[in-house]
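Quick notes on the structure that follows.
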Amino acid sequence: MKTINLNLTGRSYPIWIDYGITDKIVFLLRSYKNTKWIIFTQKSIFKFWNNRITSILDSNNIDYKVIFLEEGEDAKSIDSVSRIYNELIQIGCNRETIFLGIGGGVVGDTTGFIASTFMRGISYFQVPTSMLSMVDSSIGGKTAINTSRGKNMVGSFFQPKGVIIDPDFLETIAGKEIFSAMSEVVKYSILFDKFFFSYLNKNLEKIIERDQKTLMKIISKCCELKANIVSIDEFDNGKRKLLNFGHTFGHALEFNSNLEIDHGQSVAYGILFATFYSFNEKKLSKKNFDKIFNFFKKIHLPKLKKLKFSSLLSLMKNDKKSDNDGINFVLIKDMGQPYIEKINDEKIIKYLEDFYEHISYKWTKP
Ligand SMILES: NC(=O)c1ccc[n+]([C@@H]2O[C@H](COP(=O)([O-])OP(=O)(O)OC[C@H]3O[C@@H](n4cnc5c(N)ncnc54)[C@H](O)[C@@H]3O)[C@@H](O)[C@H]2O)c1
């Protein structure tokens, strides 16, 4: 078992990673054995894992209750969360209760949000089951729900007590979710470690085939990189902002497509947009530009429909990285050398038009 510590003064927590670690969950959380456990998950996940999880809890006499969140991003709505608050009161939860979010990023974000607000804060654990949640969203304590006007617009920083990563869960995940998560994985490599980028480039086939050793390596590497950043800048005031690479454009695209383009695919386009901008502003070399575009060619992104650039711009402005003078974008000078630049509206629109043309007419040509 690999253990990575996320160091925060007084609130450090472990990230445990191993195949089969789910079977040790009661041992890992042994100090909570006599409290009530609330498991937040989704039916689409639990249909595969119900027996495995409940048999461990039953055989250890854990007092638990499973609460099913809605499917997809609907789980992250205020209405859905409000229903859950009432259910928790009805069940008789108190401040000793612990929450476990067993699911992908949607379950993790929602569980964290409920934990941070219900009774002014409940201890919770992240048990990520999708690739994206294992490499990114389960770590760092960003919790969020959506509003009808934007994704992740309401949330908090609220750290879990621990993260339990069992890559066994990836057995039942759809192939497209692995592709989709690769955007976040590649994000880490471009931002912080060019050798990791080369490793991903060489081992993409093995990742897609879910080779255990390769998955262990990339999940551990991403967790280490994220834990390091979060321990330096928990509240997103400095270095952590770099993790927004690809996300300003990505969130806007995801929302604009009515979530037809999923989070990972949208972030992939966001990374490409940032790469396109950095190259055309003469900050990034052609060699690196090609490396990044060629990598994403292998990931089969959905074709972009005609975009309304002004709508994308206003969605980007709703994101949390803008002020009156423009939007802060994370860009790159080289692999491992990110920087932040504020770009004004006029320039963003021009680059959106050029980028769309590049993506739609040049890049996709064989
Ligand atoms: N908090 C953060 O720091 C952070 C970072 C990145 C993304 N996010 C959020 O994460 C969400 C995206 O996460 P995601 O890609 O995991 O999406 P997701 O949670 O919607 O999961 C993707 C799909 O896979 C299914 N699934 C998950 N695990 C499964 C398993 N083991 N077997 C079978 N099916 C399984 C889910 O039911 C869903 O249909 C977005 O809401 C995004 O905003 C948060």
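Observations on the model:
- Residue check for Ile232: touching a residue at least 24 places away in the same chain (Cβ under 8 Å), of a type in the set (Val, Ile, Thr) and not assigned by TED's automatic domain parsing to the domain that holds Val106: no
- Looking across the stretch 1-37, the residues that are hydroxyl-bearing (Ser, Thr, Tyr) and open to solvent by 80 Å² or more (accessible area, probe 1.4 Å) come down to Thr9, Ser31.
- Listed by position, the strands (runs of 3 or more DSSP E) inside the stretch 92-167 whose residues that are more than 21 Å from Arg11 (Cα to Cα) number at least 2 are 98-103, 142-147, 150-157.
- Hey, Ala252 out of contact with any Cys (no Cβ under 7 Å at 6 or more places or on another chain), crowded, with 24+ Cβ neighbours inside 10 Å and modelled with pLDDT under 95 or not: yes
- Condition met for Gly104 (modelled with pLDDT under 95 and within 11 Å of the ligand (Cβ to nearest atom)): no
- Residue satisfying all of: in the stretch 167-222; basic (Lys, Arg) and within 11 Å of the ligand (Cβ to nearest atom); surrounded by the most Cβ atoms within 10 Å (Cβ to Cβ) among these: Lys187
- Condition check for Arg11: away from the ligand (no atom under 15 Å from the Cβ) and in contact (Cβ under 8 Å) with a residue 40 or more places away in the chain: yes
- Filtered by the rule that a residue be open to solvent by 60 Å² or more (accessible area, probe 1.4 Å) and either outside the structural domain of Phe355 (by TED's automatic domain parsing) or closer than 22 Å to Ile348 by Cα (or both), the stretch 281-305 gives Lys282, Lys283, Lys286, Lys303, Lys305.
- Top-ranked residue in the stretch 115-140 [being hydrophobic (A, V, I, L, M, F, W, C) and surrounded by fewer than 23 Cβ atoms within 10 Å (Cβ to Cβ); ranked as farthest from the ligand (Cβ to nearest atom)]: Met119
- Long-range neighbours under 6 Å by Cβ, at least six apart or interchain, first residue open to solvent by 70 Å² or more (accessible area, probe 1.4 Å) within the stretch 62-73, second of a type in the set (A, V, I, L, M) and in a strand (DSSP E or B): Lys65/Ile38
- Residue in the stretch 81-94 that is open to solvent by less than 10 Å² (accessible area, probe 1.4 Å) and within 13 Å of the ligand (Cβ to nearest atom) present: no
- Some residue of the stretch 141-162 being buried (at least 17 other Cβ atoms within 10 Å of the Cβ), within 14 Å of the ligand (Cβ to nearest atom), within 18 Å of the chain's Cα centre (by Cα) and within 26 Å of Ile292 (Cα to Cα): no
- The residue that is nearest to Asp109 (Cα to Cα), counting only those in the stretch 38-51 that are more than 11 Å from the ligand (Cβ to nearest atom) and surrounded by fewer than 16 Cβ atoms within 10 Å (Cβ to Cβ), is Asn50.
The values are calculated or read from the model by the stated rules, or taken from the named source; none is laboratory data. In this text the structure is predicted, and so the values were computed from the model without any measurement. Note that each Cβ is placed from the backbone with ideal geometry, even for glycine, and that neighbours are counted across all protein chains shown. In case anyone asks, the SASA skips ligands and DNA or RNA and just uses the protein heavy atoms, side chains included. Shrake-Rupley method; radii C 1.70, N 1.55, O 1.52, S 1.80 Å.
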